[in-house]
Structures are given as structure tokens and as C-alpha cells.
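Trainee: Quick one: structure below, then a few questions.
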Amino acid sequence: MLILRNPQEMKAWRLTCGPRTVGFVPTMGALHEGHADLLKKARTTCEVVVLSIFVNPTQFNDPKDLEKYPRTWEADLAMAQEQGVDVVFSPEFSTMYPDQYKYTLVEKDFSQFLCGKDRPGHFDGVLSIVMKLFHLVQPNKAFFGEKDYQQFKLIAGMVEAFFLSVEVIPVPTVREASGLAMSSRNTRLSVSDKKKAENIFRVISTALSATQARQQLTDLGFEVDYVEDIDGRRFAAAKIGPFENRVRLIDNVKI
Ligand code: PAF
């Protein structure tokens with residue numbers, strides 16, 4: 001397994017791939033079973049698998065959230081190895097943003113709703129880094145978890161808008177037995193908050209309306225950012241935990 005540390009190395013390596021199909025799983029590390037599933041899909045459908053690990057500062061609107069984002073490099077590499085990854089791309093901020101983020105990719109519609117409303121600039125950061133990664137890795141297929149369904153839709157839209165030659169593949173959310181969606185942020189939950197977090201999936205799957213789901217989550221002690229039904233899906237974001245370690249969780253289900 002090769003570890004590449006900057007865009008130049010990535011570009012040089014990509015030239016060696018020839019006609020082999022390249023599958024790409026972009027991540028911010030702190031890998032869990034959801035990521036393992038994305039890597040499995042990439043491994044079974046592509047000849048070469050690239051995993052990127054880059055905690056992207058431009059998509060964090062809250063510096064404290066960025067600081068607290070879990071970093072588990074050794075365990076991530078072990079999972080990458082186990083899943084048969086060929087290349088791990090893990091660059092430094094300065095090499096990915098030589099322009100200091102003066103050039104930004106902005107979507108003006110769906111990115112302003114749901115998570116975009118509560119986290120201004122979040123999707124500008126996501127789209128900008130994913131565009132950069134796509135240019136460097138030039139994947140044939142890229143795999144994204146449906147847990148971040150809004151992110152998946154925005155990336156698929158960007159690919160269409162800019163005529164990129166990559167197939168964006170959504171992969172169903174991997175859940176714990178309790179229904180809790182796998183997330184890197186789950187590691188920040190206390191045992192009791194994790195138990196409470198299990199209610200998110202149950203509530204959004206069973207409530208008769210988004211308004212009812214919001215009320216039920218509020219009654220359970222969540223600070224609800226949103227619950228909204230859009231295009232046959234119910235989206236939710238809610239925070240739990242003590243003030244100094246508040247964790248924001250998202251989920252969505254088909255309705
Ligand atoms: O979903 C994520 O982990 C990130 O938003 C992504 C797509 C890797 C961009 O930093």
C-alpha cells in the first residue's frame with residue numbers, strides 16, 4: 001500500500017495507472033464500518049482503489065469542531081490495508097490550498113438548506129475539496145455514503161454541472177444494530193448519549209410528519225437543528241451532549 005503526501009506525488013502516480021479503472025473513497029479519516037463498506041464496494045468494482053484521508057478545514061464553520069474532529073491515523077491505515085486499498089492520499093493543508101482558499105466552488109441552491117443553513121460555508125468547503133481531489137485522483141468511480149445524502153446530491157450535481165468524467169455512486173448508510181448511523185463523530189459520545197442517539201433513526205423512521213419527529217427529538221432532550229421532508233426523504237440534524245462536548249449528528253431515511 002502506497003502512501004502519497006502531496007498533489008505532485010498523486011499526479012505522478014495517476015499517470016502510471018494506464019487504462020485500469022480507479023475507484024475513489026474520499027474521507028476525513030476516523031474510519032468506521034461505513035467507510036469499510038465504501039472501500040469494499042470500490043474494491044469489488046474497480047481495479048485500483050484510492051482512499052484519501054484529509055481533515056478539510058474549509059468545511060468546518062466552527063474551529064472547535066475542527067479541533068475536536070477525531071484523528072486515528074494508525075487505525076485508519078490498518079483498515080485501509082485490511083480492505084485492500086492500493087493508495088492512501090493524505091496531503092497537508094498548504095499543498096491542497098496553495099491559493100489559501102481564495103478560489104472557492106459555490107452551489108447557490110440546495111447547499112443553502114438543511115446542513116448548509118446551520119453551517120454556513122460548509123458545502124463550499126466540501127465541493128471545493130472534492131473538486132480538487134477529483135482532479136488529482138481522476139477516478140472512474142467515487143463512492144459516497146448516503147448518510148450525508150445532501151452532500152452526495154450536491155457532489156453528483158457538481159459532476160453534472162462541470163462535465164466531470166466520474167461516476168458518483170451512493171452507498172446505503174451502515175447502521176449499528178440499534179439503528180444508529182455509523183459516524184466518526186459517534187466516538188465523541190458518552191455511553192449514555194450514544195444510547196440516546198439511537199433514538200434519531202427510530203424517531204425519523206416512525207414519526208408521522210417532520211414536525212412530529214422534531215417534537216419527539218426535542219422531548220428526548222436533543223437540540224434539533226432541523227427535521228425536514230424533501231423529495232421523499234426525511235432529513236434530520238440534532239445535537240446532544242454537554243456544552244463543552246456537544247456532538248452534532250445527522251441522519252436521513254426514505255419516506
Ligand atoms: O464526507 C466526508 O468525509 C467529507 O465531507 C469529504 C467528502 C471527504 C470531503 O472532505
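Trainee: Being more than 12 Å from the ligand (Cβ to nearest atom), of a type in the set (A, V, I, L, M) and in a helix (DSSP H, G or I): is that true of ALA156 here?
Mentor: Details: more than 12 Å from the ligand (Cβ to nearest atom): yes; of a type in the set (A, V, I, L, M): yes; in a helix (DSSP H, G or I): yes.
The answer is yes for ALA156.
Trainee: Restricting attention to region 35-68, report how many residues are open to solvent by less than 10 Å² (accessible area, probe 1.4 Å) and either part of a helix (DSSP H, G or I) or among the basic types (Lys, Arg) (or both).
Mentor: Number satisfying all stated conditions: 3.
Trainee: Give the residues of region 148-192 that are buried (at least 17 other Cβ atoms within 10 Å of the Cβ) and among the aromatic types (Phe, Trp, Tyr), sorted by residue number.
Mentor: Those that are buried (at least 17 other Cβ atoms within 10 Å of the Cβ) and among the aromatic types (Phe, Trp, Tyr): TYR149, PHE152.
Trainee: Further, regarding this structure: List pairs: first residue in region 60-80 and in contact (Cβ under 8 Å) with a residue 60 or more places away in the chain, second residue part of a helix (DSSP H, G or I) and open to solvent by 60 Å² or more (accessible area, probe 1.4 Å) anywhere in the structure, Cβ distance under 6 angstrom, at least six positions apart or on different chains.
Mentor: PRO70/THR187
Trainee: Kindly provide the set of residues from region 52-73 that are among the polar types (S, T, N, Q) and more than 10 Å from the ligand (Cβ to nearest atom), ordered by number.
Mentor: Restricting attention to region 52-73, the residues satisfying the condition of being among the polar types (S, T, N, Q) are 52, 56, 58-59, 61, 72.
ASN61, THR72 - these are the residues of region 52-73 that are among the polar types (S, T, N, Q) and more than 10 Å from the ligand (Cβ to nearest atom).
Trainee: On the given criteria, is LEU164 under 17 Å from PHE54 (Cβ atoms) and away from the ligand (no atom under 12 Å from the Cβ)?
Mentor: Values: under 17 Å from PHE54 (Cβ atoms): no; away from the ligand (no atom under 12 Å from the Cβ): yes.
So LEU164 does not fit the description; no.
Trainee: Given the criteria on the phi < 0 side of the Ramachandran plot, among the acidic types (Asp, Glu) and more than 22 Å from the chain's Cα centre (by Cα), does GLU146 qualify?
Mentor: Judged against the criteria, GLU146 is not a match.
Trainee: Quick one: which residue in VAL159, VAL130, VAL85 is among the β-branched types (Val, Ile, Thr), in contact with a Leu (Cβ under 7 Å, 6 or more places away or on another chain), over 22 Å from LYS254 (Cα atoms) and modelled with pLDDT of 95 or more? Talk me through it step by step, then tell me what you get.
Mentor: On the way: VAL159 fails: in contact with a Leu (Cβ under 7 Å, 6 or more places away or on another chain); VAL130 fails: in contact with a Leu (Cβ under 7 Å, 6 or more places away or on another chain).
On inspection, the qualifying residue turns out to be VAL85.
The values are calculated or read from the model by the stated rules, or taken from the named source; none is laboratory data. Please read these numbers as outputs of a predicted model, since none were measured by experiment. Neighbour counts run over all protein chains shown; Cβ positions are idealised from the backbone, glycine included. Heavy atoms of the whole protein, side chains included, go into the accessibility calculation; ligands, DNA and RNA do not. Shrake-Rupley method; radii C 1.70, N 1.55, O 1.52, S 1.80 Å.
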